[in-house]
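The structure appears right after this line, and notes come after that.
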Amino acid sequence: MADSFDDMLAPQAPSGEVTAFYTLTEIALGCEDAPVFEMKFAGKGNRGYQSATIKLTNDPRLRASGKMTEHRLEDIRDIEAKLFAKHVIVGWKNVYKGGQPSPCTYENALELLRALYNRRPDIFQMITAFAREPENFLDASPTAGADLGKG
């Protein structure tokens with residue numbers, strides 16, 4: 001039995017090695033089958049993501065005071081896309097470009113995420129929200145992304 005509210009509410013942060021699969025049924029990406037993304041948790045437990053987020057948060061160029069503008073919002077979305085391309089998306093299947101399977105690389109993931117936040121921000125939001133939800137990763141098993149791309 002927990003002795004404090006803090007103990008009772010302690011989240012179970014997924015390990016940085018655990019991945020979960022997200023099937024995107026809302027759109028197709030170059031083939032008839034729904035794209036499937038293999039992702040690491042976007043939060044505490046994913047050391048690369050957490051470290052990069054802290055570095056960006058402490059960057060004085062990004063902490064400029066003043067009101068939010070469309071340009072600053074675009075910069076934030078681009079940073080988010082870079083973080084996800086490098087530290088969260090580890091593989092995919094059913095993602096095609098030019099009629100050929102698109103390998104899951106940092107460059108391709110970044111290009112896709114940028115296209116999504118520019119053309120389909122609703123889909124970009126669904127992907128990032130899934131990766132930020134710890135419960136999506138609690139029953140997942142550790143993998144290295146070998147089945148779906150990066151690895």
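Of 114, 72, the sequence from fewest to most neighbouring Cβ atoms within 10 angstrom is 72, 114. For residue 102, the amide hydrogen comes within under 5 Å of the amide hydrogens of 95, 96, 97, counting only partners 5 or more places away or on other chains and with H modelled in the peptide plane.
Here the extension length gained between residue 6 and residue 106 equals 32.2 nm, from 0.36 nm per residue of separation less the Cα-Cα distance. Panel order for 135, 70, by other beta carbons found within 10 Å of each beta carbon, from fewest to most: 70, 135. Applied to region 78-92, the Karplus parametrisation 6.51 cos²θ - 1.76 cosθ + 1.60 on θ = phi - 60° returns per-residue 3J(HN,Hα) values of 5, 4, 4, 4, 5, 4, 5, 5, 8, 10, 10, 6, 10, x, 7 Hz, with x for Gly and Pro. Using every pair of distinct Cα positions in region 28-94, the Kirkwood expression returns a hydrodynamic radius of 13.8 angstrom. Extension gain, residue 120 to residue 70: 0.36 nm times the residue separation minus the Cα-Cα distance gives 16.3 nm. With q set to 0.12, 0.13, 0.25 Å⁻¹, the log10 of I(q)/I(0) for region 68-134, from the Debye formula over equal scatterers at the Cα positions, is -0.31, -0.37, -1.20.
Coordinate-derived values only; no laboratory data. Values in this document were obtained by computation on a predicted structure and should not be read as measured data. Glycine gets a Cβ as well: all are built from the backbone with ideal geometry, and neighbour counts include every protein chain shown.
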